[in-house]
Amino acid sequence: MTAKTYSFHPEILEAIKKDNLVMFVGAGLSFNLENKQNQKIGDWNNLVLLILNDLKNQNYEDADLLIPLIGKFDPIDILDLIEKRETINIGVIKNFTKGFFDLKEDNDLSLHDKICKLTNQIITTNYDCAFEEVNPMLRKNIAHTGNRHELVNFTKSTIPTLFKLHGTYERSDSMILFSSDYDSLYTNPNNDAELTLLTLRNTILSKTVLFIGCSMSDFQINELFQYIKTLKGIHNQKHFIITKNTLDSSLSFLEAITIEDYSETNLVIEQLLKEKERFTSQKTPEQELLEQQINETEKKVIFLEKKLDNVKNESERKNTLLELGAIEFYKKGREFELKKDYDKAIEKYKMSNKLHPKKSIVYTSWAECLKAIAKPKNNKELYAKAIEKYEEAIECDQENILAINNLSDAQNTLGNLKNDEKLFLKAIENCKKVLKLNSKYENAFVNWGNSYLFLGLLKSEENLFLSSIKMYESAIEINTNNCASYSNLGHALSQLGHLKNDRNLIKLAIKNCKKAIKINPNSVEGYNNLAVALTSLGILKNKKKFHLQAIEYCEKAIEINPNFTKLHSNHALALGNLGQLKNDQNLLKKAIEKYSLVTKDDPIYSSAIYNSGNFLYYLGKINDDEKLIKQAIEKYKSISSDKQFNLKIKYNLGTLYNFLGNLKNDEKLIKQAIESYKKIPDSKYLRTTYKLGNALYNLGNITKDKKSYQKALEKFEIALTIEKNNPYIYVDRLNTLIELTWLKKDINLLKLVKEKNEEYFNLFGDIRYHTFEAKISEIENRLSHSILKKPKN
């Protein structure tokens, strides 16, 4: 039989995800538990009956008179009568409760255990110690009336804490049992009770509370709900209750998780636990480590405060107070950091460091804030400061794995911004340190992969991309649910596919990026890398649909994070590429305009400047617009020192100078093109050799210099060994031979022209063959009659 499944309200799921859920546990969870006398705890009627029987056994005559009232009057009313009887000693009753709520060892506390796993913060009206049994740490962190420190820190605590609203049997003076006790708490509170109510108020207003084991007929719960209703008038926080009853309209602050029988309670908690496990699996190792460090800090506070009670030495007391003050500033800093108010957080971390210097966790959080401020604007100076703080954190604690790992991430980011190979190599060394401390630390593999990826982008080397892919795959072996691993693997495959013109690699990249988005539908990096892969595939296949998809994914990601500069840059790239394919000048202008906004925010964003130059060149070329071509040239020149784009810029500058020189018939510009091509060390880079030949041919056309034509022919011959099937090389070679034939007046050279034209026809067989045939005939006719004038085209 399939187990029943429950549909949970988004707010309770969000509370679990953010560790903001508080469990409120009523008497229902203790109903079936037994004490050491094998007595069932039961309900309030059972408790009152056993109290009266105990009084009867101790010869309190009034007990006989009250026993028949059980079941006819509310338990609290009978307790009122007991309290008002001058003949009955209240101390005797509280002594009875000490024994009654002392649980035996073999109770089934599995549901209590699951609740402890679901949340760190539990409120209960029960007097027994069932929760303390399943989680002994709770004994050290019990909040109740009179226990001021734990009450003050309950809503802020990140470690397991138990708020016993109505006290505990272990301290009978804390127990809220009689009407006068309830009045003292809820109606006319003294100082201690006021603090208890303030803690309850803060919990109700700042947390999401799930009530469990709470009966609407329980007078304790009714007292509590009446109090909560007075708070809900000023706040709209939603709370939940597991119940099989229809909720009264007066309980509008509660949302029911409806069950048919209370035996289903266990199933509800199990399913909520599965949701928590799902959210936990999405946490990065860094988040888990930070939570662990914060928990350690909480424990340290408890230790220091207890230490203060016993410290007599004034100097030691002063140091303890300073350390406590430092921790308080750190905790305030964390609160600001979680609210993304990073400047205020840094101020608190500075104060913490001033009171008690050299705390590794403080430097780590300080660095995280600097990195968070730096990220939207790609601020190199702030990344450098973040690196300094991580290094200080590591100096304080050589095994601070969080600081070492995040240092490698910051070094990668700054290295990418500065195109600094040394920073990537330092990042790799730090990744190795992390893996030496923990060989299964997945994000160290991710960061190591990033180092190789950025080096690959810098050097355009296939082996570096392959190394990055290997690292990402190692991370995935450890955790198949890490969004960053799949997203970055996709990016590495995409870049390698682009380098090798390999469609299959790019398709595999797209598949991995989609896996990343499935794991985290709000992954901006996942959408961004998917858009990059689709753009690459669109370029390779020359298909509009891939650019359209890239634009769609960029726009989805921009909705999630409109401040991600790289995303806007890739959006512009997809728009521009689509504009080229559709020959749509409006799209090209839109891309250029978007790049202008990107570079306004980040004036040295090299890829944005480079691609903006490409689209300006394309627009200038199709419109023969000298102004746009010159703008493109200026864009390229502004990033000419960038190692990542060094070769591309030399190549593109050569192409632009060549185009502009040909357009203006300008010898100087053509010579600039030739010089730019010559600076490219690899003659096989793109079409450098062919392009150089073309520039030499254009120079020959301007100067009528035989040497330029001869050099052009040499380059074309070399180019044909690289690209045998490029018709443009054959065409330019034929044109160069024709011009050279005219200049040299060489009939033998004409024979070579005929041979090459036949070769061209055999290879391509297009209409240009006949055009060349006509040209050849005209030259032959002129040469045979010694007519040396250049024929009209």
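The values are calculated or read from the model by the stated rules, or taken from the named source; none is laboratory data. All values reported here derive from a predicted model rather than from experimental measurement. For neighbour counting, all protein chains shown are included, and Cβ atoms are generated from backbone atoms with ideal geometry for every residue, glycine included. Side chains are part of the model used for accessible areas, which takes the heavy atoms of the whole protein and leaves out ligands, DNA and RNA. Shrake-Rupley method; radii C 1.70, N 1.55, O 1.52, S 1.80 Å.
Check cross-link reach from K72 to the lysines: straight Cα distance under 20 Å, and skip same-chain residues fewer than eight apart.
K56, K84
Scale the Cα Rg of the chain by the rule-of-thumb value 2.2 N^0.38 Å and send over the ratio, two decimals.
Scaled against compact globular proteins, the figure is 1.40.
Grab the Cα-Cα distance for K56 and D108, subtract it from 0.36 nm times how many residues apart they are, and report the gain in nm with one decimal.
15.6 nm
Gain in length, K300 to K671, computed as 0.36 nm per residue apart minus the alpha-carbon separation, to one decimal in nm?
Stretched out fully, the K300 to K671 stretch lengthens by 126.3 nm.
Go ahead and estimate [θ] at 222 nm for the chain from helices alone: -39,500 (n - 2.57) per DSSP H run with n ≥ 4, summed, over the residue count, rounded to 500.
After summing the helix terms and dividing by the residues of the chain, the value is -22000 deg cm²/dmol.
Mind checking which of V92, S638, L370 is farthest towards the positive end of the chain's charge dipole, using Cβ charges of +1 (Lys, Arg) and -1 (Asp, Glu) about the Cα centre?
S638
Suppose we keep just the DSSP beta bridges with both residues in the chain; what percent of those would be antiparallel, to 5?
Around 10 percent of the beta bridges assigned by DSSP in the chain are antiparallel ones.
Before anything else, pin down the relative contact order of the chain: Cα pairs under 8 Å, at least 6 apart, normalised by residue count, whole percent.
5 percent.
Given a Förster distance of 60 Å, report the FRET efficiency between E395 and N781 from their Cβ-Cβ distance, rounded to the nearest 0.05.
Computed FRET efficiency for E395 and N781: 0.10.
At T771 and E462, where each label point lies 7 Å from the Cα along Cα→Cβ, what is the point-to-point distance in nanometres?
With each label point 7 Å from Cα toward Cβ, the separation is 3.6 nm.
Cross-link list K377/K635; K4/K117; K418/K691: which exceed 28 angstrom alpha carbon to alpha carbon?
K418/K691
Tell me, what is the per residue accessible area of the chain in Å², probe radius 1.4 Å?
Ligands and nucleic acids excluded, the result is 48 Å² per residue.
Please calculate the 1.4 Å probe accessible area of W448, with all protein chains present, and give it to the nearest 10 Å².
For W448, solvent-accessible area is about 40 Å².
What residues have an amide H closer than 5 Å to that of L103, excluding those fewer than 5 places away on the same chain, when H is modeled at 1.01 Å from N in the peptide plane?
C129
Give the Rg (one decimal place) followed by the Dmax (whole number) of the range 563-637, computed from C-alpha coordinates and expressed in Å.
Calculated on Cα positions, Rg and Dmax stand at 11.4, 36 Å.
Setting aside same-chain residues fewer than 8 positions from K470, which lysines have a Cα under 20 Å from its Cα?
Within reach: K426, K432, K433, K436, K440, K459, K500, K507, K511, K514, K515.
Residue farthest toward the positive end of the dipole of the chain, with Cβ of Lys/Arg at +1 and Asp/Glu at -1: which of N542, I12, S249?
Ranked along the dipole, the leading option is N542.
Taking K17 as the anchor, which aspartates and glutamates have their alpha carbon closer than 15 Å to its alpha carbon, excluding any fewer than eight residues away along the same chain?
E275, E277, E288, E291
How high is the FRET efficiency from D502 to E552, r the C-beta distance, R0 30 Å, rounded to 0.05?
Working from the Cβ atoms, E equals 0.80.
Show me the GluC sites (Glu not before Pro) within the range 671-726 that DSSP assigns to loop and that have at most 16 other Cβ atoms within 10 Å of their Cβ.
Those satisfying the criteria are E723.
Give me the distance in nm between label points sitting 7 Å out from Cα along the Cα-to-Cβ direction at N762 and Y262, one decimal.
9.7 nm
For a Förster distance of 22 Å, can you work out the FRET efficiency between the beta-carbons of L540 and L663, rounded to the nearest 0.05?
Calculated transfer efficiency: 0.15.
Explain nothing, just the number: dipole magnitude of the range 374-482 about its Cα centre with +1 on each Lys and Arg Cβ and -1 on each Asp and Glu Cβ, in debye rounded to the nearest 20.
So the dipole magnitude of the range 374-482 works out to roughly 220 debye.
Helix 667-678 sits at what angle to the longest principal axis of the chain, using alpha carbons and giving 0 to 90 degrees rounded to 10?
For helix 667-678, the angle is close to 60 degrees.
Given charges of +1 on the Cβ of Lys and Arg and -1 on the Cβ of Asp and Glu, with all other atoms neutral, how large is the dipole of the range 563-637 about its Cα centre, in debye to the nearest 20?
The dipole of the range 563-637 has a size of about 60 debye.
Describe numerically, in nm with one decimal, the distance between label points set 7 Å from Cα along Cα→Cβ at S184 and at K377.
Distance between the two pseudo-spin positions: 5.9 nm.
Rounded to the nearest 20 Debye, what is the dipole magnitude of the chain about its Cα centre when Lys and Arg each give +1 and Asp and Glu each give -1 at the C-beta?
Here the size comes out at about 6140 debye.
Calculate what fraction, in whole %, of the accessible area of the chain sits on carbon and sulfur atoms when a 1.4 Å probe is rolled over the protein chains.
48 percent
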